[in-house]
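So the structure is just underneath, and the comments pick up after that.
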Amino acid sequence: MRFLRRQTRRFRSTWQHLLPRRFHRWKLHTKLVLFCVSFTVFFNMLYGVYLGRFSFRRKKFVFSKGVTIYSFIVASTFGVYYIWNIYKEVSTGQISRRHTIGIYCYMNVFVCLFNYVIQWEKTLEIIRLQNSVPLFKVLDSLDISVMIVWRAFMYSILKILICPLIGYITLILYQIRVQPDQQWTSLATARTMLPLILSNQINNCFFGGLVIANIIIAAVNNKIHGIVKEVNMLQSPAQLNLQKPYYRMRRFCELADNLDELAEKYRVTAGCSKNYLRFTDWSMVLSLLMNLIGITMGLYNQYLAIADYYINEEPFDIFLAIILLVFLAVPFLELVMVARISNQTLQETRRTGDLLQQFDLQHADARFKQVVNAFWLQVVTIDWKLEPLGLLELNTSLVNTVFSAVTGFLLILIQSDLTLRFSLK
């Protein structure tokens, strides 16, 4: 018992030494974000897509040769294993175009290998960006309600943990149905799920960054809204007659300082979240393309099964069809979540500009007018939009675009199949 107590005290003192001294004075949402960032960096290193580490001695992220060697081993093992399996199954005819889950898995293998190359090439730029962002300082300076923080945290959990868990359970049910002689904990399920998790890791990092940016800009807008009400009240006829010029000048200077700080927080948040897109744009576009192909192929295979049942009177496994539909719904749900959080952040940035236009500057102090105009110019200059590789914009219209593309491809494929079926009779 004494040994356990001594080891517990030693672990506690070591952990407190690793954490910043001001950690215990941080607000709840800042501690939660620190936990999420540490969790994300750890898994990036574990999967081998990040060649850096956090140096507790230097208090910043640095490039690591040891992590680089480990990442190269992980990526090489992953590539050799899956490429050999793809070659073996294709050469022996073990996989066909009706095998939706297998083909979707192997498509994501190439996305993973491409992500390794892109992320390694941009490692130094990513490290510089991480060290230049005062994330925790900005977060701790803002008052964010517990409800908003909890909602954002659960939203991230749904995207990063719940969706892969649904996919894993679906794969288990699929394996039990297709290969009942194997155990549900077999290596095949994990082998199929791993590329799907790895291909989404970079996108999950960007998704988490958007969630944090959204709550920061929303908190900034709430403070701006309070300043707008006070400034407009100070310029009402009753207040102009009641307050002395010196008090008004001092108060406007205080509000100008507060607004100047909010402008800096907005610049850092909007600018960094927009710049971070260039580190994940290729991954997002490739994942979107793979999801588009996978969903189209899966729905077309579902149509073929139904058509064979009604036309050729072949058996139709409705339980297997439901499992495949659930599996295909997971990437579509992730796409909806990314589009939704991107659109919310876009709306918050637009709300910032709308709030700045609500200021009544007719009797305001000259310095306050200058700060408002500079803030407005900053919002217009940043022009916050997310366009990976300049091909498409991440907002709610993205879901409609993908749905329209899938529907169009399906109509072409179904029409061709029906023409071929009836022409042979």
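Note on ARG53 and TYR81: with the Förster distance fixed at 30 Å, the Cβ-Cβ geometry gives a FRET efficiency of about 0.70. Quote the FRET efficiency, to the nearest 0.05, computed for LEU165 versus PHE39 with a Förster distance R0 of 22 Å and r equal to the Cβ-Cβ distance. My answer for the efficiency is 0.90. Between ASN275 and ASP260, residue separation times 0.36 nm minus the direct Cα-Cα distance comes to 3.2 nm. Using only alpha-carbon positions in region 250-294, the gyration tensor eigenvalues give semi-axes of 41, 9, 4 Å once each is multiplied by 5 and square-rooted (largest first). Across ILE83, ILE144, ILE212, mean-square fluctuation computed from a Gaussian network of the chain (C-alpha pairs under 10 Å connected) peaks at ILE83. With the simple model of a label 7 Å out from the Cα in the direction of the Cβ, SER397 to LEU420 spans 3.6 nm. Positive end of the dipole of the chain (Cβ unit charges, origin at the Cα centre): among ILE126, GLY294, LEU142, the Cα lying farthest that way belongs to LEU142. Applying 1/(1 + (r/R0)^6) with r as the Cβ-Cβ distance of ALA307 and GLN347 and R0 = 51 angstrom yields a FRET efficiency of 0.75.
Could you identify which residue out of ALA270, ALA75, ALA374 has the top mean-square fluctuation in a GNM of the chain using Cα springs shorter than 10 Å? Comparing ALA270, ALA75, ALA374 in the GNM, the peak value goes to ALA374.
Between the alpha-carbon centres of region 51-89 and region 282-320 there is a gap of 34 Å. Ordering 388-395, 256-263 by mean Cβ neighbour count within 10 Å, with the highest value first, yields 256-263, 388-395.
By the helix-only formula, in which each DSSP H run with n ≥ 4 contributes -39500 (n - 2.57) and the sum is divided by residues, the chain has a 222 nm mean residue ellipticity of -27000 deg cm²/dmol.
Given 0.36 nm per residue, what is the gain on full extension from LEU46 to CYS253 after removing their alpha carbon distance, in nm?
Contour length minus Cα-Cα distance gives 69.5 nm.
Placing dummy labels 7 Å off each Cα toward the beta-carbon, the span from VAL326 to SER132 is 4.6 nm.
The residues of region 300-368 expose on average 50 square angstrom of accessible surface per residue, using a 1.4 Å probe on protein heavy atoms. Of the DSSP H helices in the chain, those that are both long (alpha-carbon extent of 27 Å or more along the helix axis) and hydrophobic (Kyte-Doolittle mean at least 1.0) are 28-47, 100-121, 318-357, 397-423.
Under a model in which nothing but the beta-carbon of Lys, Arg (+1) and Asp, Glu (-1) is charged, region 244-381 shows a dipole of about 1200 debye around its Cα centre.
Under a Gaussian network description of the chain, with springs only between Cα atoms under 10 Å, the residue in PHE39, PHE206, PHE78 that fluctuates furthest is PHE39.
All other residues whose Cβ lies under 12 angstrom from that of GLU230 are scored, Lys and Arg at +1 and Asp and Glu at -1, for a net of +2. Potential lengthening of the chain between ARG177 and THR92 amounts to 28.3 nm, from the contour at 0.36 nm per residue minus the alpha-carbon distance.
Of LYS59/LYS265; LYS137/LYS274; LYS27/LYS60; LYS159/LYS385; LYS59/LYS274; LYS60/LYS369, which sit over 28 Å apart, Cα to Cα? The answer is LYS60/LYS369. Packing, taken as the mean count of other beta carbons within 10 Å per residue, orders the peptides 102-114, 317-329 from highest to lowest as 102-114, 317-329.
The values are calculated or read from the model by the stated rules, or taken from the named source; none is laboratory data. Because the structure is predicted, anything quoted here is derived from the model rather than measured. So basically every Cβ, Gly included, is an ideal-geometry build from the backbone, and we count neighbours across all protein chains shown. Side chains are part of the model used for accessible areas, which takes the heavy atoms of the whole protein and leaves out ligands, DNA and RNA. Shrake-Rupley method; radii C 1.70, N 1.55, O 1.52, S 1.80 Å.
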